[in-house]
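Structure first, commentary second.
Read-outs: derived from the displayed coordinates by stated rules, not from any lab. Given the structure is predicted, the values throughout are model-derived calculations rather than measurements. As a convention, Cβ positions derive from the backbone with ideal geometry for all residues, glycine included, and neighbour counts pool all protein chains shown.
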Amino acid sequence: MRSLLLYPALALLALALPARAAEPAAGRTIEMKVTEDGFVPDKVEVKKGQPLTLLVTRQSDKTCATEIVIKEYGINQPLPLGKAVKVSFTPTRTGQVKYACGMDMVTGVLVVQ
């Protein structure tokens, strides 16, 4: 008898709880490495308006690319050696978006379509 009373109580509780917000649209994740040769890959095609995550791992200490800078989006993220770092943003215009080290010597480009 007790279980029969439980179901209506659960139904009322479910109605009283706020609805969960919809999950954000899935974006694209691109794995990048920083080696002695620079950013790998150094050119990537992405889509305007699609959330983007760069998962960047610096694999070498023999590089000045100890951070990734994307000036257009106000991003300046340190890249500790051997640790994957997430850099997330959504490209808002088509064309090329440059990414670089802090000294602007090691570079790459996102081609936004």
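In order along segment 104-109, the phi-based Karplus estimate (6.51 cos²θ - 1.76 cosθ + 1.60, θ = phi - 60°) of 3J(HN,Hα) comes to 6, 9, 9, 10, x, 9 Hz; Gly and Pro are listed as x.
In this structure, the amide hydrogen of G102, modeled 1.01 Å from its nitrogen in the peptide plane, lies closer than 5 angstrom to those of T66, E67, counting only residues at least 5 positions away or on a different chain.
Between the residues N76, Q50, G95, the greatest Cα displacement towards the positive end of the dipole of segment 44-113, with unit charges on the Cβ of Lys, Arg, Asp and Glu, is found for Q50. Amide hydrogen proximity for T90: with H placed 1.01 Å from N in the peptide plane, the residues at 5 or more positions away or on another chain lying under 5 Å are L52.
Relative to the current alpha-carbon distance between T107 and K71, full extension at 0.36 nm per residue lengthens the span by 11.8 nm. A crude spin-label estimate for the pair K43 and T90, with each label 7 Å from Cα along the Cβ direction, gives 2.8 nm. Remark: for residue pairs K47/K83; K62/K83; K62/K86; K33/K98, the C-alpha separation exceeds 18 Å in K47/K83; K62/K86. Can you list which of the trypsin sites (Lys or Arg not before Pro) found in segment 72-113 are DSSP loop residues with at most 12 other C-beta atoms within 10 Å? For trypsin sites (Lys or Arg not before Pro) across segment 72-113 that sit outside H, G, I, E and B with at most 12 neighbouring Cβ atoms in 10 Å, the list reads K83, R93.
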